[in-house]
Every structure is written in C-alpha cells, then in structure tokens.
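Some notes on the structure that comes next.
Derivation of every value follows stated rules applied to the coordinates shown; laboratory data play no part. Keep in mind the model is a prediction, meaning the values are calculated, not measured. Cβ: placed from backbone, ideal geometry, glycine included. Neighbour counts: every protein chain shown.
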Amino acid sequence: MVERTLSIIKPDAVERNLDIDIKSFFKKNGLKILKSKKVKISREEASEFYKVHQTKPFYNELCNYLSSGPIIVMILEGENAIAKNRQLMGATDPLKAEDGTLRKMYGISIDKNSVHGSDSMENSKIEIDFFFK
Ligand code: CDP
Ligand code: MG
C-alpha cells in the first residue's frame, strides 16, 4: 500500500550538511519526497511533538535537543513508506544499527541519531499534520 510518513533530519545532521545525502538516500530507496522544509521549533513545540515520551528519563534532553537548531521536516511517500523509512533509518542506537542504514552511517549517539521517522499509520498522520497543516 502506498503510504506517507514524516521524516525529520535532526539538528546533528543538518549541522553537518548531511541533508542532501540523506534525501538522495531516500530517493534511491524508493521514497519520494513530497514536501520538505527547514524549520527551527521552540522547546514547547518539541515537547508537544515528543509527548508520547513524556514519562521517559530522556524526555527533557530530547526536547532540548530537537529544539536546539534547524531541522528539516519531510513528507515521504511510497510503498509501505512507514516501515520502509524505519528500516532505512536503522535501530535507535547507531551502535546497534545495521550496516547501510542512515543511523549507522551518520548517527553520532543514541540521542544524536540524525533522523526521526513515524512508527505507525496513526502517528504518521498526527506527525504530518503537526508540521504541514
Ligand atoms: O526514534 P526512534 O523511534 O527510533 O526511538 P524512540 O524510542 O521513539 O525515541 C525517540 C528518540 O529519543 C530517539 O530517536 C532518540 O533520539 C531519543 N532517545 C534517547 O535519547 N535515549 C534513549 N535511551 C532512547 C531514545
Ligand atoms: Mg519513535
């Protein structure tokens, strides 16, 4: 099924000018970039975006981090786009990510792991609306 998902190039990757490489990786792997924009979100917006994690010990740092610098938000579209994007990203911790995945190639650490991707159909809709409505 053709799906849409939200992808974010996080501050550590934008800072290192990895956006062109990451975008071409998505395109090469069958995901079309329907929309893309560079934004800087506030601490409040970041805490809203990541509210599913509000009880986690890393929540505070995560919100500080996502709002620390410019990010690139994109709508990706393609066959099984949600799972496909998660597969292309690799495991949350770059040390555990498989070879050839974005986080393995570019991630610095579990918090500075270069990319975000929606994890379900429901969340992809919520996250796309969050940035593009
Ligand atoms: O991004 P992903 O869906 O793979 O992981 P998550 O479990 O939904 O966590 C969201 C984000 O929180 C991760 O991408 C990490 O940047 C951060 N995180 C962290 O800093 N420390 C952890 N132990 C777990 C996640
Ligand atoms: Mg997640």
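The residues of the range 85-100 that are crowded, with 19+ Cβ neighbours inside 10 Å and over 13 Å from the mean Cα position of the chain (by Cα), listed by number, are 94, 97. The criterion of at least 2 residues that are free of Cβ contacts under 8 Å to residues at least 24 places away in the same chain is met by the following helices (runs of 4 or more DSSP H) wholly inside the range 1-114: 19-28, 43-49, 59-66, 81-89, 102-106.
Exactly one residue among 117, 107 is within 10 Å of ligand 1 (Cβ to nearest atom), under 14 Å from the mean Cα position of the chain (by Cα) and under 17 Å from residue 31 (Cα atoms), and that residue is 117. Among residues that are of a type in the set (Lys, Arg) and away from ligand 1 (no atom under 15 Å from the Cβ), residue 86 is not included.
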